[in-house]
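Trainee: The structure under discussion is supplied below as structure tokens; questions concerning it will follow.
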Amino acid sequence: METIDVSPLGRYSPSGHEYFFHHPIVADDLIESLVRATPPGERRHTVRRTLDGNRYWALVEPETTTQ
């Protein structure tokens, strides 16, 4: 199981819910993950992060993916 943090993308809908439906980067990542079975490290908008020794992935805007 992988953890994907979408908070770096901000709120994209008025309610803050259904971001997977309203935000194009989140929707694209879901397609890459579920339909194409692409691992997080190979997807276009994911970057690896670490917090308190725990690794996870974050979705980021295209200009910030080269960290």
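Trainee: Any idea how many residues of region 31-67 are under 12 Å from Ile4 (Cα atoms), out of contact with any helix residue (DSSP H, G or I) (no Cβ under 6 Å at 6 or more places or on another chain) and among the aliphatic types (A, V, I, L, M)?
Mentor: Total satisfying the criteria: 1.
Trainee: What's the number of the condition Tyr12 fails, among (1) among the hydroxyl-bearing types (Ser, Thr, Tyr); (2) surrounded by 11 or more Cβ atoms within 10 Å (Cβ to Cβ); (3) modelled with pLDDT of 90 or more; (4) not in a helix (DSSP H, G or I)?
Mentor: (3)
The values are calculated or read from the model by the stated rules, or taken from the named source; none is laboratory data. Since this is a predicted model, take the numbers as computed values, not measurements. Here the Cβ is made from the backbone with ideal geometry for all residues, glycine too, and neighbour counts use every protein chain on show.
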